[in-house]
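Working notes, structure below.
The values are calculated or read from the model by the stated rules, or taken from the named source; none is laboratory data. In this text, all values refer to a predicted model and were calculated from it rather than measured experimentally. Please note: Cβ atoms are built from the backbone with ideal geometry, for glycine as well, and neighbour counts cover all protein chains shown. Keep in mind that these areas ignore ligands, DNA and RNA; they rest on the heavy atoms of the full protein, side chains included. Shrake-Rupley method; radii C 1.70, N 1.55, O 1.52, S 1.80 Å.
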Amino acid sequence: MLFPLSYYLFFFTLNLGVIISISSSSWFGAWVGLELNMMSFIPLITLKMNSNFSEASLKYFLIQALGSALLISSSFLSFISPLFSYILILLALLLKIASAPFHFWFPQVASGLMWFQILLLSTIQKLAPMILISYLMLSNFLIKLTIFSAVLSALVGALGGLNLLFLPKIIAFSSINHMSWMLIAITISDMFWMIYFIFYFFILLSITSLFQKLQTFTLSESMKTSQKNSFLSILITLNFFSLGGLPPFTGFLPKWMIIQIMMNLNLFVPLFFLLLSALMTLYYYLRIMIPFLLLSNSSMMFSFKSKPPMLKSIPLFLKMAFNFLGMIFPIIFIFL
């Protein structure tokens, strides 16, 4: 899909807003960066003039404007009551990243976007607010409030994705669930949540690029495409196994790291809810994988006579190799 030159400019200012927010020395500068980031993303949503894009952009603008207004007004209270001010700022940032109980807008916005826009909404648009949240981990109350939001996000992301047939909404609830793991990691250390975010970005990039290539948005459409290309069917299945954190795939590595740290810190109650939600998300991932596996070509064999798929598309081969990295690292860790 070719984009006009203006969209590359908006993508540049979008990333510039993130850099301004995370490098600012005051909440006003962070607010300016968030506003630049928001106003740059809205033109990227409205690629075409139709009702879905217009509705999604309007919902996104209203929610982000509410979060920005709450953030800038709460920052003025820091001179009177710093703790109360930080609580309101934390709530504003949780609203911006669609963490529970402020998650209601995210699936609605994601359902009206294309796959490339869903990738931006689930990753880059959450980067600056999450870094700002990491700056707020100054007291035990703020840490407990963040952990409470993380547990709620885990449950909402797991329960919300059940019985859905629309793939963007499923990915949206999956993003809410993964947000819970990152929020827990934020309360522990900046390094851990950044590692998780990088792994999640590349796995989601692989999935969204495949769905964009297939132009698949529902499970019924995935059944039709799975009958045409068995290689892509298996590749999408591997990506969802990795996204669900199933060992020994790559997505299991950051979850394994956070599980070990939470056990060392005696955070057994939040860990129980996170693991329970991970099992539930694997269930509705399997509902997506079944059409790609069982309903594909009966032989499940690749046809190498005309064009070998490994040689035909090098990026697809790299995506498969990335998913299998998770099988190598645990063996290395065991023997070290």
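Structure values in brief
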{"read-out": "Number of the exception - residue 271 against (1) part of a helix (DSSP H, G or I); (2) more than 26 Å from residue 152 (Cβ to Cβ); (3) not basic (Lys, Arg)", "value": "(2)"}
{"read-out": "Filtered residue count, segment 183-220, keeping only those that are free of Cβ contacts under 8 Å to residues at least 12 places away in the same chain and within 12 Å of the chain's Cα centre (by Cα)", "value": "1"}
{"read-out": "Unmet criterion (only one of (1) in contact (Cβ under 8 Å) with a residue 24 or more places away in the chain; (2) more than 29 Å from residue 165 (Cβ to Cβ)) for residue 140", "value": "(1)"}
{"read-out": "Selected residue (only one of 188, 170 is of a type in the set (Val, Ile, Thr), more than 24 Å from residue 41 (Cβ to Cβ) and at pLDDT below 95)", "value": "188"}
{"read-out": "Test: residue in segment 135-156 that is surrounded by 18 or more Cβ atoms within 10 Å (Cβ to Cβ), farther than 20 Å from residue 267 by Cβ and not aromatic (Phe, Trp, Tyr)", "value": "no"}
{"read-out": "Tabulated pairs, segment 161-182, first on the phi < 0 side of the Ramachandran plot, second surrounded by fewer than 24 Cβ atoms within 10 Å (Cβ to Cβ) and of a type in the set (Asp, Glu), C-beta under 9 angstrom, 6+ apart or interchain", "value": "167/221"}
{"read-out": "Residue check, residue 40 among the small types (Gly, Ala, Ser), within 30 Å of residue 87 (Cβ to Cβ) and within 21 Å of the chain's Cα centre (by Cα)", "value": "yes"}
{"read-out": "Any hit, segment 216-226, residues being open to solvent by less than 10 Å² (accessible area, probe 1.4 Å) and among the small types (Gly, Ala, Ser)", "value": "yes"}
{"read-out": "Entirely in segment 1-79, the helices (runs of 4 or more DSSP H) that have 3 or more residues that are free of Cβ contacts under 8 Å to residues at least 12 places away in the same chain and open to solvent by 30 Å² or more (accessible area, probe 1.4 Å)", "value": "5-23, 51-75"}
{"read-out": "Selection from segment 96-114 of residues that are open to solvent by 10 Å² or more (accessible area, probe 1.4 Å) and of a type in the set (A, V, I, L, M)", "value": "114"}
{"read-out": "All positions within segment 1-25 that are under 20 Å from residue 130 (Cβ atoms) and at pLDDT below 90", "value": "25"}
{"read-out": "Single condition residue 128 does not satisfy, out of (1) of a type in the set (A, V, I, L, M, F, W, C); (2) crowded, with 19+ Cβ neighbours inside 10 Å; (3) more than 27 Å from residue 199 (Cα to Cα)", "value": "(3)"}
